[in-house]
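Here's the structure we're looking at; comments come further down.
Values quoted throughout were computed directly from the atomic coordinates according to the rules given, and no laboratory measurement underlies them. None of these values were measured; they are calculated from a predicted model. Neighbour counts run over all protein chains shown; Cβ positions are idealised from the backbone, glycine included.
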Amino acid sequence: MDKYLDSRFERVEKALATFIDSIAKYNPSEKLAEDLVAADRELAAGLKELERHQNNHARILQLRQETASLDQQTKDIIGGLWNMRKEVKSTPATQYPATGPKYQFTTHELLNYAKRISRTTLPPAHLLYNSEPSESQQAGGQGGQPMEVDSAAQTPMPGLGGGTATAAGTPAASAAPTPAASGPSGPGPVTTSTAPFSQPPPPPSANQTALPEDFKPHINLLTGYQFHPWPTEDKVRMGGMAAYQSLVSRAVDPKGYDPEEEERRKKEEEEARKEAEERAIREREEEERRMREERERMARERERARREEAERSGSISGPAAGAPAAAASSAGGGGRSQFTFLDGMDDDDDDDED
Amino acid sequence: MASDPMSVNSSAREPPAPPGSGADEPKYGGYTRFELELEFVQALGNPLYLNHLASRKLLSNPAFIAYLDYLQYWSRPPYLKYITYPGPTLKNLELLQQEKFRQDIISPDLVERLRLEGMKAGIDWHRESFPSTA
């Protein structure tokens with residue numbers, strides 16, 4: 001650029017010098033003057049060019065600076081990324097403890113299980129959506145002495161049941177007599193701030209449909225209910241372990257002992273015994289019947305022997321004796337029935353003797 | 001945990017067959033071993049029961065500790081699905097494998113806290129599952 005301008009300056013100087021020379025020689029020439037003007041104009045154009053050059057230079061510098069800052073920014077970013085990556089790579093991934101083998105299951109099984117455990121894992125809705133466990137429950141839980149370490153196997157957890165029972169029982173016991181005994185003024189502390197005297201409480205106004213607070217425990221069956229996410233003492237006491245323990249304490253070896261089986265066996269024995277008794281009774285009746293028949297038979301034979309005797313004596317004493325013989329024979333049926341009747345009497349006597 | 005010298009010969013026992021396997025299990029007082037052990041392992045979910053066991057000095061008995069170790073088969077299929085109180089049962093079964101827990105459960109304060117927090121958690125985790133309805 002310098003050369004470019006220098007040549008123009010030189011040209012202007014030369015033109016000026018020749019022009020001055022020509023003037024000094026008193027020989028001015030129009031052509032020289034025009035040369036000077038042209039050189040001057042070129043110089044002006046050159047200066048403009050210089051100005052543009054300078055502007056461009058400034059712009060280039062500015063752009064360079066910008067590039068440098070952008071470069072720096074890029075480097076920073078890349079450096080940041082690199083650091084980040086290094087950090088990410090160096091971060092120890094959480095090592096979950098080896099959860100052991102995974103088990104396959106089907107949705108069906110899962111739903112079945114969920115259904116089955118819902119009774120024991122899902123608290124009733126009033127506990128879920130109402131509020132925190134009430135004060136009395138807390139107090140009951142705390143107050144009931146949770147252990148009696150010395151008690152025997154049959155009383156493992158007195159605090160659990162006892163605490164709950166007192167918690168539920170105390171408000172009921174204290175609140176129950178009040179409305180009954182003192183009548184309408186009973187619910188006073190809660191509702192009858194407007195009627196402190198012993199008049200009947202004002203008939204409930206339209207917006208006063210809520211029950212007095214101290215009635216609620218009596219109406220709510222779930223008062224004092226506590227949700228236990230584990231088997232309670234009652235359940236443990238009623239279960240198979242308790243049955244086992246009771247067998248052991250009765251000195252029965254529980255192994256192979258099945259109460260149902262035992263029950264069945266007893267029943268069978270009972271039935272066999274009954275059957276034997278019945279059979280014995282039947283046999284005895286049979287025996288009696290046989291003896292009765294035997295007696296009847298003997299009686300008939302005696303009768304026959306007696307009749308033959310009579311006939312024999314009749315035939316000896318002649319036809320006159322025929323009539324009684326006929327009569328006797330004709331009366332045979334009646335006599336027999338009479339004997340039968342007597343036999344019956346005998347039987348009765350026998351039975352009585354038995 | 002159960003590396004104490006064992007005075008039991010049942011340590012190598014196999015878990016009982018789950019129901020429906022067709023095996024004719026011997027009965028103890030009318031219950032199969034499966035039924036009794038299921039009942040027992042679930043009773044372990046009750047902190048007061050644990051305290052009772054501790055008060056009978058069972059939790060320091062090597063044979064009993066071996067039995068607790070053996071009972072861990074309940075945390076695996078096919079037995080797992082029979083547990084109807086899964087949370088406290090499995091948690092306590094896990095805790096019972098630790099010597100420290102077996103010693104500490106004798107403390108009434110710990111039992112009471114376990115009881116209250118267990119009951120609270122039993123309700124709260126449902127609240128968390130359905131925050132919109134709580």
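Tabulated values for the structure
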{"read-out": "Point-to-point label distance, A:R289-B:Y73, nm (Cα→Cβ direction, 7 Å offset)", "value": "6.3"}
{"read-out": "HN-Hα J in Hz across the stretch A:224-233 - Karplus 6.51, -1.76, 1.60, θ = phi - 60°, x for Gly and Pro", "value": "x, 5, 10, 9, 10, x, 8, x, 7, 4"}
{"read-out": "For the stretch B:27-129, size of Cβ-based charge dipole, Lys and Arg +1, Asp and Glu -1, in debye", "value": "180"}
{"read-out": "Rg(Cα)/(2.2 N^0.38 Å) for the stretch A:2-72, N = residue count", "value": "1.76"}
{"read-out": "Cβ neighbours within 10 Å from other chains - mean over A:107-114", "value": "1"}
{"read-out": "Model label zone, A:R41; criterion: amide N under 20 Å from point 7 Å along Cα-to-beta-carbon; scope the stretch A:1-27", "value": "A:5-20"}
{"read-out": "Value of Rg/Rh across the stretch B:27-129 [Cα atoms, Kirkwood radius]", "value": "0.98"}
{"read-out": "Size of electric dipole in the stretch A:50-91: Cβ of Lys, Arg +1 and of Asp, Glu -1, about Cα centre, debye, nearest 20", "value": "160"}
{"read-out": "Sorted peptide list for A:257-267, A:57-67, criterion being average Cβ within 10 angstrom, highest first", "value": "A:257-267, A:57-67"}
{"read-out": "For residues of B:98-108, the mean tally of beta carbons on other chains within 10 Å", "value": "1"}
{"read-out": "Förster-model FRET efficiency, 22 Å R0, A:D234 and B:R33, C-beta, rounded to 0.05", "value": "0.40"}
{"read-out": "Distance between the stretch A:1-55 and the stretch B:84-125 - C-alpha centres, whole angstrom", "value": "107"}
{"read-out": "Fewest-first ranking of B:I123, A:I20, A:I77, B:I105, using other Cβ atoms within 10 Å as the exposure measure", "value": "A:I77, A:I20, B:I123, B:I105"}
{"read-out": "Estimated FRET transfer efficiency (A:Q95, B:E117; beta-carbon r; R0 30 Å; 0.05)", "value": "0.55"}
